[in-house]
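The values are calculated or read from the model by the stated rules, or taken from the named source; none is laboratory data. Note that the structure is predicted; figures quoted are calculated from it, not measured. Methodologically, a virtual Cβ is constructed for each residue, glycine included, from the backbone with ideal geometry; neighbour enumeration extends over all protein chains shown. Quick note on the areas: whole protein, heavy atoms, side chains included, nothing else; ligands and nucleic acids left out. Shrake-Rupley method; radii C 1.70, N 1.55, O 1.52, S 1.80 Å.
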Amino acid sequence: MERLVVLHLNLGKYEMIWKIFLFILLAFVLVAGIAFPIVPHPHSWYEFPFIQGLGENAKIIFFHVPTAWLASVAFLMSTIYSIKYLRKKNLDDDAKSYAANQLGIIFCILATVTGAVWARFAWGSFWSWDPRQTSIFALLLIYGAWFALRSSIEQEDKRATLSAVYSIIAFLTVPFFIFIMPRIMLGLHPGAEEVENGKVVQSSSPVINFQMNGNMLFIFFLSLIGFTILYFWMWKLGYKTIILKEKINKNHIRE
Amino acid sequence: MKAYALYKKDIHSELRTRYAINSLAMFIVVAISVILFSIGNEQISQSLTAGLFWVVIFFSAMSGLARVFVSEEERGTSLTLHLIAAPSTIYSGKLLYNLILVFCMNIAIAILYSALFNAFIIRNFGLFALSLFAGNIGLAVSSTTIAAIISKANAKGTLFPVLAFPILLPLILILVQLTSLSNQGAAFSDAFFELAILICYDVIMLTGSYMLFDFIWKD
């Protein structure tokens, strides 16, 4: 039994290097994202530009966008592993999809909450049914429904099959949200598009139509990369734990 | 043809007791009267009536459409179905039954609703009929697939709306938009984009459901 555990938690040769690299990266992103000053005319590499109407609020982009990005990545990965499961019927793929969804719902809640708190100060209300808020809400509903379905089926392979099918069906609705949302409600998010006289145009508001300068973009991408690596590490630990638990349970039954 | 036989069997067993149809009709009446009571003498806007129209349809569908597969599991006849037909045939038969049910239900709701709500005036009837037609197909397809999933799970009744809502959300958003457009009397050319998305939804969900139903049905 112990040999089994040791065998599986030995993740790889360069694991320590990855851990140190990730630690330094995330520590730098955290310090840079929070502490770098915002000035009207940035000259040095550590200064961010002032954005009309946002000011210090603009810094949320380093932490909020990665969480929303990871919520979508987790959703995509769980769909991919669901398809894999349906093709091969290997329960390990189900564990991978389960671990991805576990992380996905955490990041989805984080993105919703940080976004709502930010919206309170930037737009004046916690929730205003902006297209992206609606989409993240729909994603949260899908995650919730997925876990509800999973907890209501006891038989292992049946549970895996049905939740995989539901994952794929839910994924099929994603393009509709992308196309229909901007037509129904106005975008408030930075980078959102507006519909004017039936045509999709770039918005003219300074908050929506803002440009990041070079060093802001650099920190932003560093943060995205750091959080993505963190996600994959957590996901790997997550699914290995699930697979191990299953194995230990089965060994107990056999003994 | 086996699909049609399956559909006829469902219709016959339903007409023998009329249990589901009666309760569905009562549900529609109850839902509309709750909305009427809560409105009272208030004047409500046209876009709100369009939204409430689809609220009534969504909850009526949630109460009525799960029965096709759940009743097979309850009566223990799903194993017999396994023996006599291929999964896609079973799906076709059940889908046909749900389509008829959805069409009857939604036409009844539309007539009742336009009789009882003064603000609900359909100015472009062709657009309304077309969007109702395509919307009914989408509603029936998605609900039938979700019904097949929940028939294998425990806690069937509560799980159905929970699972169906995220899948039906884009459909309902488009349909609310289309209904309020047809209430405003918009031309077909204004609603072309929404209609195209609606038909895409129907086609994608139908294809996806046929591909995935094999996995749901075969344990």
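Here the average projected area of the convex hull drawn through the C-alpha atoms of the range B:17-153 stands at 9.3 nm². Over the range B:94-159, the reciprocal of the mean inverse Cα-Cα separation, the Kirkwood hydrodynamic radius, stands at 13.6 Å. For the range B:116-207, evaluate the Debye formula with one uniform point scatterer on each Cα (no solvent term) and list log10 I(q)/I(0) at q = 0.19 Å⁻¹, rounded to two decimals. Those come out to -0.86, one per q.
Relative to the compact-globule estimate of 2.2 N^0.38 Å, the Cα radius of gyration of the range B:71-131 comes out at 1.72. Of A:T79, A:T114, the order by accessible heavy-atom surface (1.4 Å probe, DNA, RNA and ligands excluded), from most exposed downward, is A:T114, A:T79. Based on the convex hull around the alpha carbon atoms, the range B:41-83 presents an average projected area of 4.4 nm². Once C-alpha pairs closer than 8 Å and six or more residues apart are averaged by separation and normalised to the residue number of chain B, the relative contact order reads 28 percent. A:H252 contributes an accessible area of around 120 Å² to the protein surface, as traced by a 1.4 Å probe with all chains present. What the Cα convex hull of the range A:20-111 gives, in volume per residue, is 125 Å³.
Between B:M26 and B:N154, the contour length at 0.36 nm per residue exceeds the Cα-Cα span by 43.5 nm.
Each label point was placed 7 Å from the Cα along the Cα-to-Cβ direction; for B:I111 and B:D190 their separation is 2.9 nm. Mean separation of Cα pairs under 8 Å and 6 or more residues apart, divided by the residue count, gives the range B:1-102 a relative contact order of 56 percent. For the pair A:E15 and A:A35, label points projected 7 Å from Cα toward Cβ lie 3.1 nm apart.
Computed from protein heavy atoms with a 1.4 Å probe, the total accessible area buried between A and B is close to 2800 Å². Its residue count N fixes a reference of 2.2 N^0.38 Å for the range B:21-97, and the Cα radius of gyration divided by that reference is 1.57. Looking at the range B:1-100, the GluC sites (Glu not before Pro) that sit in a DSSP loop and have at most 10 other Cβ atoms within 10 Å of their own Cβ are B:E42. Here the range A:56-96 is treated as a Stokes sphere of Kirkwood radius computed over C-alpha pairs; at 4 °C and 1.567 mPa s its diffusion coefficient rounds to 110 µm²/s.
Placing dummy labels 7 Å off each Cα toward the beta-carbon, the span from B:I121 to A:K88 is 6.3 nm. At a threshold of 10 Å², the residues of the range A:150-167 that become less accessible to a 1.4 Å probe in the full protein assembly than in their chain on its own are A:S152, A:I153, A:E154, A:K158, A:T161, A:L162, A:V165, A:Y166.
For the protein assembly as shown, the mean projected area of the C-alpha convex hull, equal to one quarter of the hull surface, is 27.5 nm².
Rounded to the nearest 0.05, what FRET efficiency do A:E246 and B:V55 have when you use their Cβ-Cβ distance and R0 = 60 Å? With a Förster radius of 60 Å, E is 0.90. Only protein heavy atoms count here; under a 1.4 Å probe, A:R120 has an accessible surface of about 100 Å². Using a probe of 1.4 Å, the accessible surface attributed to A:C108 totals some 0 Å² when neighbouring protein chains are kept in position. Dividing the Cα radius of gyration of the range B:21-65 by its Kirkwood radius returns 1.02 for Rg/Rh. The Cα atoms of the range A:69-116 cover 41, 13, 9 Å along the three principal axes, with the biggest extent listed first. Suppose R0 equals 35 Å. What FRET efficiency, 1/(1 + (r/R0)^6) with r the Cβ-Cβ distance, do A:L217 and A:I24 give to the nearest 0.05? Step by step, r from the Cβ atoms, then E = 0.95. Rounded to the nearest angstrom and listed largest first, the equivalent-ellipsoid semi-axes of the range A:54-161 from its Cα gyration tensor are 33, 14, 9. Other residues with beta-carbon under 10 Å from the beta-carbon of A:I38 carry, at +1 per Lys or Arg and -1 per Asp or Glu, a net charge of -1.
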